[in-house]
Amino acid sequence: HPDDTVVDVGGHKIGGGYFAVMSGPCSVESKEQITYVAQRVQAAGASILRGGAFKPRTSPYSFQGLRAEGLELLQEARKVTGQPIVTELMNNEHIPLFVDAKVDMIQIGARNMQNFELLKAVGKLNVPVLLKRGLSSTLEELVMSAEYIMAEGNPNVVLCERGIRTFETSMLDISAVPMLKKMTHLPVVIDPSHAAGIAFMVPALAQAAVAVGADGLMIETHNDPAKAKSDGAQSLTPDQFDALMNTIKPELEFFGKTLN
Ligand code: PEP
Ligand code: MN
């Protein structure tokens, strides 16, 4: 497969010179919250709305997401802005809910990167998949997980480097981008929010992602990060997201990428 794969998410292309930004809160929290953030990130240049409805949390006592209601709120936000939505699927049983909601892109989270039955199940769907790298997974393992999806007939896979676990606490593996592009034809996006864990680092890492040749970004933006139900420390305010987009737009132009 000599050419780069271009994945189309609700009319927005990722890969082959097209760059897409996905942004929104870690978790969908209310109709007002998700709709407001959707409008703000869209105005700044993001084309895909992210937001977790089913959340994989380290502690069972932490907020687990609004679940099915969260999917409904994402659809309402999509009605307002027209933006496609990307949200995480944690198990096979929820697939009918995701299909009914017409989720535009299914996220497989870092913790499920090697949930092979889940990978095979999304491989049977006609929906693009955002496959996040496991916390301690090698690039070879990430590529093999993508193979699980594609071998079932779904070619629309986007790989996501979201930070790895090592002796340092904030670690974005920037070299994953050129290496994955050498190993595969799939688009590669960077999630600097989960890699950094702290908001102040996100804009610099986003610039690095563009410079190293990534095909897109996933960035957590929250209306009020201090009160977020998950991942507040790494979430940008809408104003901070505006500033980030203003720094990467000329950079994308410099590197000949089309923001869409
Ligand atoms: C998320 O996107 O909010 C998330 C839980 O990501 P990851 O699977 O990369 O930790
Ligand atoms: Mn998160």
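The values are calculated or read from the model by the stated rules, or taken from the named source; none is laboratory data. Quick caveat, the model's predicted, so the values are computed rather than measured. Note that each Cβ is placed from the backbone with ideal geometry, even for glycine, and that neighbours are counted across all protein chains shown. Accessible surface areas use protein heavy atoms only, side chains included; no ligands, DNA or RNA. Shrake-Rupley method; radii C 1.70, N 1.55, O 1.52, S 1.80 Å.
Between residue 69 and residue 32, residue separation times 0.36 nm minus the direct Cα-Cα distance comes to 12.0 nm. At each listed q (0.07, 0.11, 0.14, 0.16 Å⁻¹), what is the log10 of I(q)/I(0) that the Debye formula gives for the chain modelled as equal alpha-carbon point scatterers? Here the Debye-derived log intensity ratios amount to -0.20, -0.51, -0.88, -1.21. For region 155-229, trypsin sites (Lys or Arg not before Pro) meeting the loop criterion (DSSP other than H, G, I, E, B) and having at most 16 other Cβ atoms within 10 Å: 165.
In the elastic network of the chain, a GNM with C-alpha springs shorter than 10 Å, the most mobile of 191, 239, 104 is 239. Label positions at residue 97 and residue 61, each projected 7 Å from the Cα along the C-beta direction, are separated by 2.4 nm. Taking the 1.4 Å solvent-accessible surface of region 172-260 as the whole, the part contributed by carbon and sulfur is 60%.
How much accessible area per residue does region 20-88 have, counting only protein heavy atoms and a probe of 1.4 Å, in square angstrom? That works out to 36 Å² for each residue. Note on residue 1 and residue 243: with the Förster distance fixed at 30 Å, the Cβ-Cβ geometry gives a FRET efficiency of about 0.20.
With one equal scatterer per alpha carbon and no solvent term, the Debye-computed log10 I(q)/I(0) for region 21-79 at 0.23, 0.27, 0.30 1/Å reads -0.84, -1.05, -1.20.
Geometric descriptor of region 146-260, per residue, is 131 Å³ (volume of the convex hull of the Cα atoms). Starting from the eigenvalues of the Cα gyration tensor, five times each then square-rooted, give me the equivalent ellipsoid semi-axes of region 116-160, largest first, whole Å. With the √(5λ) rule applied to region 116-160, the semi-axes are 17, 10, 8 Å. For residue 257, a cut-off of 18 angstrom between C-alpha atoms picks up these lysines, skipping any fewer than 8 places away in its own chain: 13, 181, 249. Going by the alpha-carbon gyration tensor, a ≥ b ≥ c the square roots of its eigenvalues, is region 1-151 rounded (a/c under 1.5) or, if a/c is not under 1.5, prolate (a/b greater than b/c) versus oblate? Taking the square roots of the gyration eigenvalues as a ≥ b ≥ c, region 1-151 is oblate. Spacing of the modelled spin labels on residue 170 and residue 116, each 7 Å from Cα toward Cβ, amounts to 3.8 nm.
Taking label positions 7 Å along the Cα-Cβ direction at both residue 39 and residue 260, the computed distance is 2.8 nm, reported to one decimal. Of the heavy-atom accessible surface of region 1-97 (probe 1.4 angstrom), what whole percent is carbon and sulfur? Reported share for carbon and sulfur atoms: 49 percent. Accessible surface calculations at 1.4 Å, restricted to protein heavy atoms, place region 110-254 at 42 Å² per residue. Sorting the segments 40-51, 247-258, 198-209, 167-178 by their residues' average number of neighbouring beta-carbon atoms within 10 angstrom, most packed first, yields 40-51, 198-209, 167-178, 247-258. Between residue 226 and residue 147, the contour length at 0.36 nm per residue exceeds the alpha carbon distance by 24.5 nm.
Restriction of the chymotrypsin sites (Phe, Trp or Tyr not before Pro) in region 1-85 to DSSP coil positions whose beta-carbon has at most 13 other beta-carbons within 10 angstrom yields 61. Ranked by the mean number of other Cβ atoms within 10 Å per residue, highest first, peptides 84-91, 149-156, 10-17 order as 84-91, 10-17, 149-156. The stretch between residue 252 and residue 79 holds 59.4 nm of extra length on full extension. This uses 0.36 nm per residue minus the Cα-Cα distance. The distance linking region 98-169 with region 1-18 is 17 Å (Cα centroid to Cα centroid, whole angstrom).
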